[in-house]
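The values are calculated or read from the model by the stated rules, or taken from the named source; none is laboratory data. Small disclaimer: the values here were computed from a predicted structure and weren't measured. Quick reminder, even Gly has a Cβ in these numbers, built from the backbone with ideal geometry, and neighbours come from all protein chains shown.
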Amino acid sequence: MTLRVAVVGSGPAGSSAAETLAKAGIETYLFERKLDNAKPCGGAIPLCMVSEFDLPPEIIDRRVRKMKMISPSNVEVDINIQKEDEYIGMCRREVLDGFLRDRAAKLGANLINGTVYKLDIPTNNTDPYTLHYADHSDGSAEGVMKTLKVDLVIGADGANSRVAKAIDAGDYNYAIAFQERIRLPDDKMAYYNDLAEMYVGNDVSTDFYAWVFPKYDHVAVGTGTMKVNKADIKNLQAGIRARAARKLAGGEIIKVEAHPIPEHPRPRRVVGRVALVGDAAGTVTKSSGEGIYFAAKSARMCAEAIVEFSNGGQRIPSEADLKVYLKRWDKKYGLTYKVLDILQTVFYRSDATREAFVEMCADKDVQKLTFDSYLYKTVVPANPLIQMKITAKTIGSLLRGSALAP
């Protein structure tokens, strides 16, 4: 037999899964509803993703080596990457996603421009899953209704995953990322050449942060929030526009976009022979709200488990086989998620704690630990003396900001 796998969704997660499967000679079907889709997203990727996923230089719009953290009272802390060969990559999602999708197709994945509406679940461990989908290859929005039978399904179809609903994977809380793409006059754009800004404060985000991130010929200005009321989101976006007004003067809005972002993993990420990856699984981190690398990595690890347990496509993996991907994932990144969850709980709960957070970011050891953790995606174990110093500084900052008061 030759294993047949459907991957629903072709963002960084879906395309990375499809690429790994296709490379192993597994019959892979990659579904994408909108081939020109551009997900609203800060678009920051860590250095380790560039090398691990073999991304060419043209995918990176800007190499950010300077960050400004800006507190509720507008105290600015400059954080600079010290090593010359290190940077945070800034991408437009339509460029990154298109590249990864095309590469998967070139390696043998069957790319289908289609919307998956329904998944028929078999009653035993060997019968196929049936996908009901609208094929849009004729250019119409309605498409032509078709079906496809496969042995395994990977749900990489985002926060509103239909695959997750089909397997009753359970719900999760979600935040909203809202952003405006703004084209700036040349002198203003020059300021953001290799600089990104993060603003914290109740006026710009009650739960996360707001950002100004540079892209190819514009900046992305946005906010992340658990408040899903449109009026609240509008007020928070007005807040970041007001805080950054001087630097954005003369800018022209070229696009407005919004998207849900999961707040924690779904209760069930593998059911039967269906696995969820990326936003569908809930792999976005707390505190940073970063998800592109983790989406792609979770999908690659899932696909690697499928290749391994199917003997390169010669047998159908079981639910227990697919759950090995989750065990490996949780072992590798569980601590990272816990630490970032604690950071968000401690530092994002009031403007006093946010002031303390920005103050702490001025410390060079904190900066190095933060950048190492972000760029290489590990909770880097610092020298014990430095760790003690950082802990003491954290407590000191919180006490000064009355942030430890209940």
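Scan segment 206-223 residue by residue and report those that are free of Cβ contacts under 8 Å to residues at least 60 places away in the same chain and part of a strand (DSSP E or B). Talk me through it step by step, then tell me what you get.
At the first step, the residues of segment 206-223 found to be free of Cβ contacts under 8 Å to residues at least 60 places away in the same chain are 206, 210, 212, 217-219, 221, 223.
Those that are free of Cβ contacts under 8 Å to residues at least 60 places away in the same chain and part of a strand (DSSP E or B): Thr206, Ala210, Val212, Val219, Val221, Thr223.
Any residue in segment 162-184 that is modelled with pLDDT under 95, loosely packed, with under 14 Cβ neighbours inside 10 Å, outside the structural domain of Arg273 (by TED's automatic domain parsing) and aromatic (Phe, Trp, Tyr)?
No; the residues of segment 162-184 include none that is modelled with pLDDT under 95, loosely packed, with under 14 Cβ neighbours inside 10 Å, outside the structural domain of Arg273 (by TED's automatic domain parsing) and aromatic (Phe, Trp, Tyr).
Look at Lys34 and say whether it is charged (D, E, K, R), at pLDDT 95 or above and loosely packed, with under 15 Cβ neighbours inside 10 Å.
On the way: charged (D, E, K, R): yes; at pLDDT 95 or above: no; loosely packed, with under 15 Cβ neighbours inside 10 Å: yes.
Here the answer is no, as Lys34 does not meet what is asked.
Would you check which residues across segment 298-332 are under 12 Å from Arg4 (Cα atoms) and of a type in the set (A, V, I, L, M, F, W, C) and list them? Break it down stepwise before answering.
Within segment 298-332, the first condition is being under 12 Å from Arg4 (Cα atoms), and the residues that meet it are 306-307, 310, 312-317.
Correct list: Ile306, Val307, Ile316.
Test Leu335 against the stated conditions and say whether it is surrounded by fewer than 16 Cβ atoms within 10 Å (Cβ to Cβ), part of a helix (DSSP H, G or I) and touching a residue at least 40 places away in the same chain (Cβ under 8 Å). I'd like the intermediate steps shown before the answer.
On the way: surrounded by fewer than 16 Cβ atoms within 10 Å (Cβ to Cβ): yes; part of a helix (DSSP H, G or I): yes; touching a residue at least 40 places away in the same chain (Cβ under 8 Å): yes.
Judged against the criteria, Leu335 is a match.
For segment 236-286, enumerate the residues that are surrounded by fewer than 21 Cβ atoms within 10 Å (Cβ to Cβ), free of Cβ contacts under 8 Å to residues at least 24 places away in the same chain and not basic (Lys, Arg).
Ala238, Ala245
Looking at (1) modelled with pLDDT of 95 or more; (2) closer than 18 Å to Glu180 by Cα, which is the one condition that is false for Val270?
(2) is the only condition that Val270 fails.
Give the residue, chosen from Ala177, Ala104, Ala169, that is small (Gly, Ala, Ser), in contact (Cβ under 8 Å) with a residue 12 or more places away in the chain, out of contact with any helix residue (DSSP H, G or I) (no Cβ under 7 Å at 6 or more places or on another chain) and not in a loop (DSSP other than H, G, I, E, B). Spell out the reasoning first.
Working: Ala104 fails: out of contact with any helix residue (DSSP H, G or I) (no Cβ under 7 Å at 6 or more places or on another chain); Ala169 fails: not in a loop (DSSP other than H, G, I, E, B).
It is Ala177.
Restricting attention to segment 346-362, and to residues there that are touching a Lys or Arg at 6+ places or on another chain (Cβ under 8 Å) and either modelled with pLDDT of 90 or more or part of a helix (DSSP H, G or I) (or both), which single residue is nearest to His264 (Cα to Cα)? So that I can check it myself, show each step before the final result.
Within segment 346-362, the first condition is being touching a Lys or Arg at 6+ places or on another chain (Cβ under 8 Å), and the residues that meet it are 347-348, 356, 359-360.
From what is left, the residues that are either modelled with pLDDT of 90 or more or part of a helix (DSSP H, G or I) (or both) are 347, 356, 359-360.
Details: Phe347: 18, Ala356: 25, Glu359: 28, Met360: 26 Å.
Top of the filtered list is Phe347.
Among Lys368, Lys327, Lys393, Lys389, which is surrounded by fewer than 19 Cβ atoms within 10 Å (Cβ to Cβ), of a type in the set (D, E, K, R) and modelled with pLDDT of 75 or more?
Result: Lys327 is the single residue among Lys368, Lys327, Lys393, Lys389 that is surrounded by fewer than 19 Cβ atoms within 10 Å (Cβ to Cβ), of a type in the set (D, E, K, R) and modelled with pLDDT of 75 or more.
Could we say that Leu21 is crowded, with 17+ Cβ neighbours inside 10 Å, touching a Ser or Thr at 6+ places or on another chain (Cβ under 7 Å) and either of a type in the set (Asp, Glu) or not in a loop (DSSP other than H, G, I, E, B) (or both) here?
When the stated conditions are applied, Leu21 passes them.
Out of Ser51, Ser15, I need the residue that is closer than 26 Å to Ile306 by Cα, small (Gly, Ala, Ser) and surrounded by fewer than 15 Cβ atoms within 10 Å (Cβ to Cβ). Which one? Give the derivation first.
Details: Ser15 fails: surrounded by fewer than 15 Cβ atoms within 10 Å (Cβ to Cβ).
Exactly one of Ser51, Ser15 is closer than 26 Å to Ile306 by Cα, small (Gly, Ala, Ser) and surrounded by fewer than 15 Cβ atoms within 10 Å (Cβ to Cβ), namely Ser51.
When you go through Ala305, Ala295, Ala258, Ala275 one by one, which is the residue that is assigned to a strand (DSSP E or B) and assigned by TED's automatic domain parsing to the domain that holds Thr123? Reasoning before the result, please.
On the way: Ala305 fails: assigned to a strand (DSSP E or B); Ala295 fails: assigned to a strand (DSSP E or B); Ala258 fails: assigned by TED's automatic domain parsing to the domain that holds Thr123.
Answer to the selection: Ala275.
Give segment 133-157 a look and list any residue that's within 27 Å of Pro265 (Cβ to Cβ) and either in contact with a Ser or Thr (Cβ under 7 Å, 6 or more places away or on another chain) or assigned to a strand (DSSP E or B) (or both), or say none.
Of the residues in segment 133-157, the ones within 27 Å of Pro265 (Cβ to Cβ) are 133, 150-157.
Residues satisfying the conditions are Tyr133, Val150, Leu152, Val153, Ile154, Gly155.
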